[in-house]
1. Could we say that Val206 is closer than 11 Å to Arg264 by Cα, among the β-branched types (Val, Ile, Thr) and outside the structural domain of Phe59 (by TED's automatic domain parsing) here?
2. So is Tyr220 of a type in the set (Phe, Trp, Tyr) and under 30 Å from Asp40 (Cα atoms) or not?
3. Return yes or no: is Leu166 surrounded by fewer than 18 Cβ atoms within 10 Å (Cβ to Cβ) and hydrophobic (A, V, I, L, M, F, W, C)?
4. Checking the structure you have, find out if any residue of segment 201-211 is surrounded by fewer than 18 Cβ atoms within 10 Å (Cβ to Cβ), touching a helix residue (DSSP H, G or I) at 6+ places or on another chain (Cβ under 7 Å), at pLDDT below 95 and polar (S, T, N, Q).
5. Residue pairs, Cβ under 6 Å, 6 or more apart or interchain, first in segment 105-118 and at pLDDT 95 or above and among the aromatic types (Phe, Trp, Tyr), second surrounded by 15 or more Cβ atoms within 10 Å (Cβ to Cβ) and assigned to a loop (DSSP other than H, G, I, E, B). List them.
6. Determine whether Ala62 is buried (at least 20 other Cβ atoms within 10 Å of the Cβ) and in contact with a strand residue (DSSP E or B) (Cβ under 9 Å, 6 or more places away or on another chain).
7. Going through Ile37, Ile25, Ile57, Ile21 one at a time, which residue ends up being in contact (Cβ under 8 Å) with a residue 24 or more places away in the chain, outside any helix (DSSP H, G or I) and touching a helix residue (DSSP H, G or I) at 6+ places or on another chain (Cβ under 7 Å)?
8. With out of contact with any Ser or Thr (no Cβ under 8 Å at 6 or more places or on another chain), modelled with pLDDT under 95 and assigned by TED's automatic domain parsing to the domain that holds Phe127 as the only criterion, which of Ser27, Ser42 stands out?
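The values are calculated or read from the model by the stated rules, or taken from the named source; none is laboratory data. Keep in mind it's a predicted model, so treat the numbers as computed, not measured. Cβ: placed from backbone, ideal geometry, glycine included. Neighbour counts: every protein chain shown.
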Amino acid sequence: MSRTITLTTDFGTRDGYVGAIKGVIRSIAPDARLLDISHDISHGRIRQASFLLDNIIEFFPAGTIHLVVVDPTVGSRRRALIVEYKDCLLVGPDNGVFETAYRHSGAWSCHELTESRFMLRAVSNSFHGRDIFAPAAAHLALGVSPGEFGPPLENPVRQSGPRKKLFGDGRIVGSVIHTDRFGNLITDITAAELDTLGCDYSRLRVSLCGKVIRGISSHYAQAGAGELLALVGGTGRLELAVNLDSAAAVLGTPSPDAEVIVERSHE
């Protein structure tokens, strides 16, 4: 039976790195179905890659293998992992990129990827995506058990992000985790967390980069063309957008992990 392997990297598509990964997988598991999630993760942005994985994983069938290579410490002593999470498999570096699994206690198990027979014969210090992770994903697609790749590992690196969310006094302090191609700024603040503020969305105030938005909209067109708004988007998280324009551009391209504050309005 053919298995689906998804690919998420920060490699871009200009240099052929993704093509090399696909070539390795095809040479080992020619029937595997390869699906690109994104190769436009900002360089080394582990938190962004984790967000994208979290955003898509539930929409894939049981048995899917998710290969994630955002690996700023490639070649160092950081470990390589295979994670069993619910009904799928995750392959990638031990740097917190699989935080989406680790948040669910009892739903995951992990093995360190150490067996050289499941790697390419020559392993470079700078391209583990091709030489270690791609072969592992391909062998998993052929039915090799995760336990055959190496010993169990109970302490994978956890990722809290550069800024932890703060709650209290009728406010939430979060941060931007992703900017999509429309220029929408997606935050780490969920709809469930907004509900803990205990008031109608129209009475909430959102602040970012010195701009204040009063009220959270239900859809983009609720604001006029070119107007800044806040809403809960398709990811279930608060995002800042501009109707028919780019919020990132309007706000001067906020830095990664820019602070976002949501609070009850007293006006």
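1. Values: closer than 11 Å to Arg264 by Cα: yes; among the β-branched types (Val, Ile, Thr): yes; outside the structural domain of Phe59 (by TED's automatic domain parsing): yes.
In short, yes.
2. Details: of a type in the set (Phe, Trp, Tyr): yes; under 30 Å from Asp40 (Cα atoms): yes.
Answer is yes for this residue.
3. Values: surrounded by fewer than 18 Cβ atoms within 10 Å (Cβ to Cβ): yes; hydrophobic (A, V, I, L, M, F, W, C): yes.
So Leu166 passes the test.
4. No, that holds for no residue.
5. Pairs found: Phe118/Phe149.
6. Values: buried (at least 20 other Cβ atoms within 10 Å of the Cβ): no; in contact with a strand residue (DSSP E or B) (Cβ under 9 Å, 6 or more places away or on another chain): yes.
For Ala62, the condition - buried (at least 20 other Cβ atoms within 10 Å of the Cβ) and in contact with a strand residue (DSSP E or B) (Cβ under 9 Å, 6 or more places away or on another chain) - is not met.
7. After ruling out the rest, the residue left standing is Ile37.
8. Working: Ser27 fails: modelled with pLDDT under 95.
Among Ser27, Ser42, only Ser42 is out of contact with any Ser or Thr (no Cβ under 8 Å at 6 or more places or on another chain), modelled with pLDDT under 95 and assigned by TED's automatic domain parsing to the domain that holds Phe127.
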